[in-house]
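Worksheet for the structure shown next.
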């Protein structure tokens, strides 16, 4: 007698992502694992008196989406902020901010997200004076979608002690006005950190800002508040079919919050949280990374990764380039680490058996990080390290083959190329310059050169929805005739959010595909994703998300 299943999904068009058995009609789950995946009749042999049966109504069933690069805690907190994505022009900005302010009289600081660099116009940069005209009497700050630039009104700058400027570390800048006072634009986290502290959200940002822990220790009420924020983020992920998260900022506080949620039986997604290594740290701080890796090594909650930032973003001229910016001669960006310092950290983290992931947007940053990984291999010997380069928005031809040679993962985001989804073409295209366009956001080029390309959203930088990311990857068009076509097929894009995500965290033997013995992480979609026109993919929605055999979301 076949074992009785806890749950069966039938009447489905299942895309297993398993080359041995690519398709099936039904799937049976028991004890959090897949016990059968086959035709309907075979799977229904596992139906017992206590089996719950879900009718997929011929919709696609795919492995649960693996979000390989996101910021869970910060993204969850921002769900409550004013969202400015798609708002353009001073009048529209004014209406949005004043309407939000009128509704949120409870907030000490008003925060907005998703303000394009060209929110006023293609040529006019935002200043505090613009924001003062909108809201003069309450502190107001707004962040660019990439979270590397913020703009603040005078009231906010005054209260945060930034109006007169401030000495900052490399790669950070408070843009000063002709009057000797801050102009309102703040580039990179050290510059705008005091504004986030002013809003009372320091704990949310610690995993990104310092990699350190809350000091003083949170009160029971603060801990409960942080747990509630984290829960909201997990619910948002489950709603979008996500079953695994590779978080890209981290500290012990985040792991402890998630551990408390897990103990209460409410962890809706599997989460990996890294140790964030900052440029002011010393190598012995990696003891903490090793400790986190040892303490958290389960299939629901894990660590084992060191995250770093080598540079900033193209839009703020803070990404590090091999040659000058096309629209700023003489400037190549300023790295947050020297190449030697980065290599030293990579060698030591690699020696400890830790995976390293480095934010590297400019081609100069990508090169320095690959050099660091090469130094680690030379010093420690060859191993299956799967170190990662995050973003790779511009790369040189010489560095493309090095990904496969060094076994380095190319972690990339389909929503990020300007024009692919929400980001406007300018100012990014002008910063990169025509000559570098063919090697910008070069997913297909890297894949053809043998690299493992893993996809993600970088939420809250871009909308979290993996299906929107898949649509962006499938529909992407070159910026100019004759440039390489970097598009992915539907199946390649799905693999980027499933198979490759599992590989990126050394879990390809347990998830990313639907097959017996694998974790029961899957998503039932509202329609047949393969029969849907590429431009209509966004209409296909997650109906049921299942993680570890538990239903974590149902429409």
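Is it true that some residue in region 109-120 is part of a loop (DSSP other than H, G, I, E, B), over 22 Å from residue 193 (Cβ atoms), without any contact (Cβ under 8 Å) to a residue 12 or more places away in the chain and within 30 Å of the chain's Cα centre (by Cα)?
no
Test of understanding: among 372, 312, 333, which residue is at positive phi and not assigned by TED's automatic domain parsing to the domain that holds residue 204?
333
Going through 184, 193, 169 one at a time, which residue ends up being over 16 Å from residue 333 (Cβ atoms), modelled with pLDDT under 95 and either within 27 Å of the chain's Cα centre (by Cα) or surrounded by 19 or more Cβ atoms within 10 Å (Cβ to Cβ) (or both)?
193
Under the condition of being in a loop (DSSP other than H, G, I, E, B) and under 22 Å from the mean Cα position of the chain (by Cα), which residue from region 341-393 is nearest to residue 417 (Cα to Cα)?
Filtering region 341-393 for residues that are in a loop (DSSP other than H, G, I, E, B) and under 22 Å from the mean Cα position of the chain (by Cα), the one nearest to residue 417 (Cα to Cα) comes out as 393.
Considering only residues that are closer than 17 Å to residue 136 by Cα and crowded, with 16+ Cβ neighbours inside 10 Å, which ones fall in region 95-115?
Hits for region 95-115 are 96, 97, 100, 101, 107, 109, 110, 111, 112.
Determine whether residue 365 is outside the structural domain of residue 168 (by TED's automatic domain parsing), closer than 25 Å to residue 291 by Cβ, at pLDDT 95 or above and crowded, with 24+ Cβ neighbours inside 10 Å.
no
Evaluate region 311-334: report whether one residue or more is closer than 20 Å to residue 397 by Cβ and out of contact with any helix residue (DSSP H, G or I) (no Cβ under 9 Å at 6 or more places or on another chain).
Yes, some residue in region 311-334 is closer than 20 Å to residue 397 by Cβ and out of contact with any helix residue (DSSP H, G or I) (no Cβ under 9 Å at 6 or more places or on another chain).
Is it true that residue 290 is surrounded by 17 or more Cβ atoms within 10 Å (Cβ to Cβ) and within 17 Å of residue 243 (Cα to Cα)?
no
Hey, among the residues in region 25-70 that are in a strand (DSSP E or B) and free of Cβ contacts under 8 Å to residues at least 24 places away in the same chain, which one's farthest from residue 300 (Cα to Cα)?
This residue is 38.
Among the residues of region 331-354 satisfying the criterion of being in contact with a strand residue (DSSP E or B) (Cβ under 9 Å, 6 or more places away or on another chain) and free of Cβ contacts under 8 Å to residues at least 60 places away in the same chain, which is farthest from residue 431 (Cα to Cα)?
350
If we scan region 323-336, do we find a residue that is closer than 25 Å to residue 251 by Cα, at pLDDT 95 or above, part of a loop (DSSP other than H, G, I, E, B) and under 24 Å from the mean Cα position of the chain (by Cα)?
Yes, region 323-336 contains at least one residue that is closer than 25 Å to residue 251 by Cα, at pLDDT 95 or above, part of a loop (DSSP other than H, G, I, E, B) and under 24 Å from the mean Cα position of the chain (by Cα).
Taking the options 222, 201, 260, name whichever one is within 30 Å of residue 161 (Cβ to Cβ), touching a helix residue (DSSP H, G or I) at 6+ places or on another chain (Cβ under 8 Å) and surrounded by fewer than 17 Cβ atoms within 10 Å (Cβ to Cβ).
Result: 222 is the single residue among 222, 201, 260 that is within 30 Å of residue 161 (Cβ to Cβ), touching a helix residue (DSSP H, G or I) at 6+ places or on another chain (Cβ under 8 Å) and surrounded by fewer than 17 Cβ atoms within 10 Å (Cβ to Cβ).
For region 468-491, which positions are more than 19 Å from residue 449 (Cα to Cα), surrounded by 14 or more Cβ atoms within 10 Å (Cβ to Cβ) and within 23 Å of the chain's Cα centre (by Cα)?
468, 469, 470, 471, 472, 474, 475, 476, 490
If only one of 130, 81 is in contact (Cβ under 8 Å) with a residue 40 or more places away in the chain, more than 30 Å from residue 23 (Cβ to Cβ) and either surrounded by fewer than 23 Cβ atoms within 10 Å (Cβ to Cβ) or in contact with a strand residue (DSSP E or B) (Cβ under 6 Å, 6 or more places away or on another chain) (or both), which one is it?
Being in contact (Cβ under 8 Å) with a residue 40 or more places away in the chain, more than 30 Å from residue 23 (Cβ to Cβ) and either surrounded by fewer than 23 Cβ atoms within 10 Å (Cβ to Cβ) or in contact with a strand residue (DSSP E or B) (Cβ under 6 Å, 6 or more places away or on another chain) (or both) holds for just one of 130, 81, which is 130.
What number of residues within region 19-32 satisfy the criterion of being surrounded by 15 or more Cβ atoms within 10 Å (Cβ to Cβ) and out of contact with any helix residue (DSSP H, G or I) (no Cβ under 9 Å at 6 or more places or on another chain)?
3
For (1) part of a strand (DSSP E or B); (2) touching a strand residue (DSSP E or B) at 6+ places or on another chain (Cβ under 6 Å), each residue gets a yes or a no:
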| site | (1), (2) |
| --- | --- |
| 88 | no, no |
| 101 | no, yes |
| 122 | no, no |
| 169 | no, no |
| 183 | yes, yes |
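The values are calculated or read from the model by the stated rules, or taken from the named source; none is laboratory data. As the structure is a prediction and not an experimental result, all values here were calculated from the model. So basically every Cβ, Gly included, is an ideal-geometry build from the backbone, and we count neighbours across all protein chains shown.
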